[in-house]
Every structure is written in structure tokens, then in C-alpha cells.
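Taking it in order: structure first as C-alpha cells, then the write-up.
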Amino acid sequence: MNNFSIAIHGGAGTLVKGLMTAELEAEYKLALKIARDKGYEVLESGGSALDAVEVAVNLLEDTPLFNAGKGAVFTNEGTHEMDASIMEGNTLEAGAVSLVTGIKNPVSLARDVMEKSYHVFLAGDGAMQFAKGLGYQIESPEYFYDEVRYKQWQGIKDSDNFQLDHSVKKDGKFGTVGAVACDKEGNIAAATSTGGMTNKKWGRVGDSPMVGAGVYANNKTCAVSCTGSGEFFIRGVVAYDVSCLMEHKGLSLEDASNEVIHERILKINGDGGLIAVDAQGNIAMPFNTEGMYRAFKTSKGDENIFIYKD
Ligand code: ASP
């Protein structure tokens, strides 16, 4: 039997330790623990890495603590436009959606695109038609409302600024969520889900739903889910870059992940982090920001939940 493992993130960005209350920190850690452990249970009972990452991301989407699903940030028009993706490393199959509204679990819609359509990436109205055709319930805007996100939007809505929900305001909440997993068969998978950036407009889409940028999985190398300023992660083709360094330069998961986050993406001023797993169940979780909500658990008995650089 292969070693199996799961890692999840709830966004990377600026977070000053002193501004976080003990209660809030405990809430975040509990939400991360629940999502990680449910994903791990799937693996432990012989389930696939693909199922494990979907289960974990669904739970993170369901909590308003993170900028994905419930609690997604506000666009310039006061709406929620969500992006999500999922990829399986054995077959290289992938599914993604962007600019969807009213969908409780965008990552599950991304999986449906992968499994129930001929396509990889559906956007906007078309993605919504596809969801409705499959019988998805459309939630009202109230379902997604979160007061902190609303205040963040109110602070910049009359400007041309847009921001990561977790990087400019030091008391802001972290955001985008993701999961990577390796199952008992040695198959790996990755998923990412986000509300994007506060006050975004013009149909802005970040890296999260883009295969190669915010998500990637290939059994030969690694499964990766990213978080950070999406524009830089798109330009850096970050998730695929980790895979390329492993495949073409022979780097380990850890070295490839560190090189991308601490060298290559920094050279173009990209801020953020990623979580990655390989087909032996090894995990890497580098970030070049002050913190990244993250947790992992392996069949070797290692587990932890972190927020800062500890
Ligand atoms: N990468 C996401 C985006 O640019 C944001 C985030 O990671 O929080 O849409």
C-alpha cells in the first residue's frame, strides 16, 4: 500500500499575529481540522484522492471564514463571482468554472464539468446554464453574505482598487481554499476554489480556476493548489512550474515548490503560497507572505495545523 496524505490551505497573505484574537484563531484551526480530517477519512477508507480533495474543499467552501463559496468576497457590483478547479493526476483530467454565482460548492461544479461535459473550462452564463441543466440549486445572495467581506468591499468600492481579501488590510480575513491529496493507490489530485479579489470588475478571473496556474496534478510529478495574487500566479504558471522543475530538472517536491515560491515568483513580485503532494505522499507547503492557513495529515502519523511561519 502506498503512503497516503492530504494537505489543505485557506489562503496566504498578510496577517499580523497581534491582530488575531485567540477565539478567531481557534475557529480557523477548527475549520481547517474538520476539512482535513474528513478528507483524510476518505483516503483512509480506500477512497480516491479526487474524492478526498472535493470533500475537503466543500467543507472549506461551506464556512464563511474563507473566501470561497459561503463568505466569498464582493465584486465591484456587490455580487459574488466564484472560480474553482479540480484535476486528477492519473488521467490528467480536469474541470474548471469561473464567474459563477449562486453556486454553493463551485468545486463540485468544476468536477461535473470534468466528468459530465466534454469540456474542461466553462465560464459565466454558460457555466450557470450547465449547472442549472444538472439541477443545481441557485442560492440567494444572502447565503454568501459575510459582514467582514462586505466592509472590506465598502472600503474600496468607489475606487479603482481591488484587493486580495487577505493582503492589504492587516485585519482582513484570509481567503482562497484548496486541497491536494495522495491516495492508497498512489494517485494524486488537486482542487482550488475562490471568490477572487474584493472589488474585482470586468469579469476578472485569477489563477484559481486555471489549470497550470492555480491548480495542477500529474502522478509523474505532483499535485498543486495555489493561493496569492492571481495575476502573478497566472504569469508564473506556478502550479505547472513546480511540476516542470520536478520532471525536467529532477528536483524533489520540496525543492521545486520552494524554488517557485521563494525565487521564481518573487522575481516578478508575486506574493502567495502553495500546497503540493507527490505520489509517495510527501507534502510541501511554502509561502512568501506572513502567513498561510494550512493543515496536513499523513499515513505515517504526521499532522499539523498552522497559520503563521511556525
Ligand atoms: N488567487 C486568488 C485570485 O487571484 C486569490 C487568493 O488566493 O486568495 O483570485
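Just so it is clear, none of the values below were taken in a lab; they were calculated from the coordinates. The structure presented is a predicted model; accordingly, all values stated were derived computationally and were not measured. Reconstructed Cβ throughout: ideal geometry from the backbone, glycine too, with neighbour counts over all protein chains shown.
Sparsely packed loop sites in the range 248-310 (the trypsin sites (Lys or Arg not before Pro) outside DSSP H, G, I, E and B with at most 11 other Cβ atoms within 10 Å) comprise 300, 309. Of the chymotrypsin sites (Phe, Trp or Tyr not before Pro) found in the range 197-259, the ones in coil according to DSSP and having at most 11 other Cβ atoms within 10 Å of their Cβ are 202. For the range 123-278, the square roots a ≥ b ≥ c of the C-alpha gyration tensor eigenvalues yield an a/c of 1.5 or more together with a/b not exceeding b/c, which makes the shape oblate. Taking the Cα centre of the chain as origin and assigning +1 to Lys and Arg Cβ atoms and -1 to Asp and Glu Cβ atoms, the resulting dipole is close to 360 debye. Within the listed set 117, 208, 299, the residue fluctuating most in the Gaussian network model of the chain (springs between alpha-carbon atoms under 10 angstrom) is 117.
Toward the positive end of the charge dipole of the chain, with +1 on the Cβ of Lys and Arg and -1 on the Cβ of Asp and Glu, the farthest Cα among 217, 282, 257 is that of 257.
Dividing the alpha-carbon radius of gyration of the chain by the rule-of-thumb value 2.2 N^0.38 Å gives 0.89. Within the listed set 199, 258, 269, the residue fluctuating most in the Gaussian network model of the chain (springs between alpha-carbon atoms under 10 angstrom) is 269. With θ taken as phi - 60° and the Karplus curve 6.51 cos²θ - 1.76 cosθ + 1.60 applied, the whole-hertz 3J(HN,Hα) list for the range 255-261 is 5, 5, 5, 5, 4, 5, 7 Hz, x standing for glycine and proline. Couplings for the range 262-275, taken from phi via the Karplus curve 6.51 cos²θ - 1.76 cosθ + 1.60 with θ = phi - 60°, read 9, 10, 5, 6, 5, 4, 9, 6, x, 10, x, x, 8, 10 Hz in order; Gly and Pro are left as x.
The charge dipole of the range 1-122, taken about its Cα centre with unit charges on the Cβ of Lys, Arg, Asp and Glu (plus for the first two, minus for the last two), comes to roughly 200 debye.
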